[in-house]
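Inspection log for the structure reproduced underneath, given as structure tokens.
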Amino acid sequence: MDQIDPLDAIIGLEIHAQMNTRTKMFCGCSNDAYGVPPNTLICPICTGHPGTLPVPNREAIFKAIRMALALHCTVQEHCHFDRKHYFYPDLPLGFQISQYDFPLARSGVVQYDIIDHSGNATSSHECRIHRLHIENDAGKLTHRGTHTLCDFNRAGTPLMEIVTEPDLGSARHAVAFAQELRRMLIAAHASDADMFKGMMRFDASISLREKGSTVLNPRSEIKNLNSFKALEQALTYEEKRLRLVWEKEGGPLHHNITVGWLDDEGKTRLLRDKEEAADYRYFPEPDIPPMHFTRKDIQALQKDLPPPPREQKEALIKLGLTHSEARELIDEPQLRLRFDAIFKKTADAKRSSGIILTQLQGFLNAAEKNVADAPPLEHLLELVEHIDNGTVSANTGKEILQKMVETGKPPSAIIKSEGLENITDDRALEAIIQQAIAANPQAIDSLKKGKEAALGAIVGWVMKESKGKADPRKVSDLLKKILK
Ligand code: ZN
Ligand code: MN
């Protein structure tokens, strides 16, 4: 019997990524809807009032071009927006403003690695990008019993839709690619790509074919997956299911189908059978003029393109961080932002990663908090300042950071309310040192005989007595002065 698997899985992805612009795609409403009360970030434009006119967001277009260049796509010199018509309660205009036959960019490629459990890249692969276009997001529906609530805060958020070629051979590859794409979105400052906030969503298409064949058989499209875990589980499930269908019927699906992923049940559910190209009645958006980009425009954006995540990771390793520390910072922009600021202030990469990746992350985990709830940059910099100018010791600093995570208060407020300042008054410190001398005659004796090791014991005694509020270096200087 031939033991070799006779079938290959063929997988392609469509990724929707929210851009991290200040305002929405076609109006001036704020684009930061996280945690904001429903329907407070809306205006007549993004809620589709008659007679309003959309104005394209320049920042969004530039971000999309930057991302297209990062993906090695060719940015088209001419493109325009189209209206994509469909009816749904979360779509106030009755159409989505998207791009149909003239997308912003075409034909790119992404390199991604398959990583083993210890974090090493075991193999490198490529996935071609078919196209990238710009569109706007719909609102959000919440179903409550027999009622459905509409929140239009998200309506009009700028999206990039990135479509791959069917180059991904397994769920594992699809996830590895999607994770690299997320890092690239972040590195290009095009999206915060925060999975927790639904900023990156996937549609995954999968079909099977006999090894060596080049036909594309009808595929099953899994709609609206919003985590890497869902992407992996849904594709793994659907591949198994399609293999069973093949076994039973001796071949692939007869026509394209659309399925949904039921997270709780761990299986897919048929949404639409015998799907045909839906009639969206696309036509060019009459209210927005076509866009033209000169080669010079595009070269200027190319020149400002930040280094890709692979290069950024290498740079962090060169600063002295480990592979896994560097990877954590590349994967989590909120931590990266804080690391960069502390590193800029202290020029000490190890110390900065200790504060951010060891202390801050540890306290966030212990408090069961998300990185989005981490203390703001200014608070962290203030804490480092207090440690460096001797207001508090490094150890007390750690204690303060924990309280900052728990309470959200700035370090100065915590130092004040908990009385954590170092003893900076020399006379107060000298008094404790005199007590230490009286209480540790043996150690003082050996110190006088030149045994430096005894110094630690006395400094330790002072630190304990002062409840950690003395500066150990200062204690040892004062002690030496007194003994002379
Ligand atoms: Zn608006
Ligand atoms: Mn789309």
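Taking strands (runs of 3 or more DSSP E) that fall entirely within the stretch 73-133, which contain at least 1 residues that are within 16 Å of ligand 1 (Cβ to nearest atom)?
Numbers: elements: 82-85, 95-98, 105-115.
Qualifying strands (runs of 3 or more DSSP E): 95-98.
Does Gln111 satisfy being open to solvent by less than 20 Å² (accessible area, probe 1.4 Å) and among the polar types (S, T, N, Q)? Before the answer, list the steps.
On the way: open to solvent by less than 20 Å² (accessible area, probe 1.4 Å): no; among the polar types (S, T, N, Q): yes.
No.
Of the conditions (1) more than 16 Å from ligand 2 (Cβ to nearest atom); (2) within 18 Å of Leu104 (Cβ to Cβ), Leu41 satisfies every one except a single condition; which number is it?
Among (1) more than 16 Å from ligand 2 (Cβ to nearest atom); (2) within 18 Å of Leu104 (Cβ to Cβ), Leu41 violates only (2).
Looking at Gly320, Gly397, can you tell me which residue is open to solvent by less than 60 Å² (accessible area, probe 1.4 Å) and at pLDDT below 90?
Going through Gly320, Gly397 in turn, just one is open to solvent by less than 60 Å² (accessible area, probe 1.4 Å) and at pLDDT below 90: Gly397.
Do you know which residues across the stretch 1-33 are more than 24 Å from Asp287 (Cβ to Cβ) and exposed (fewer than 14 other Cβ atoms within 10 Å of the Cβ)?
Met1, Asp2, Gln3, Ile4, Asp5, Pro6 - these are the residues of the stretch 1-33 that are more than 24 Å from Asp287 (Cβ to Cβ) and exposed (fewer than 14 other Cβ atoms within 10 Å of the Cβ).
Is at least one residue of the stretch 152-160 within 26 Å of Pro289 (Cβ to Cβ), in contact with a His (Cβ under 6 Å, 6 or more places away or on another chain), in contact (Cβ under 8 Å) with a residue 60 or more places away in the chain and open to solvent by 20 Å² or more (accessible area, probe 1.4 Å)?
no
Conditions tested, residue by residue: (1) within 9 Å of ligand 1 (Cβ to nearest atom); (2) in contact (Cβ under 8 Å) with a residue 12 or more places away in the chain; (3) assigned by TED's automatic domain parsing to the domain that holds Ala372.
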position	(1), (2), (3)
Phe26	yes, yes, no
Cys29	yes, yes, no
Pro37	no, no, no
Leu41	yes, yes, no
Gly48	no, yes, no
Pro54	no, yes, no
Lys63	no, yes, no
Met67	no, yes, no
Ala70	no, yes, no
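Within the stretch 10-24, can you find the residues that are within 16 Å of ligand 1 (Cβ to nearest atom) and assigned to a strand (DSSP E or B)?
Gln18, Thr23
The values are calculated or read from the model by the stated rules, or taken from the named source; none is laboratory data. Worth saying up front: this structure is predicted, and the values here are computed from it rather than measured. Quick reminder, even Gly has a Cβ in these numbers, built from the backbone with ideal geometry, and neighbours come from all protein chains shown. Only protein heavy atoms, including side chains, enter the accessible area calculation; ligands, DNA and RNA are left aside. Shrake-Rupley method; radii C 1.70, N 1.55, O 1.52, S 1.80 Å.
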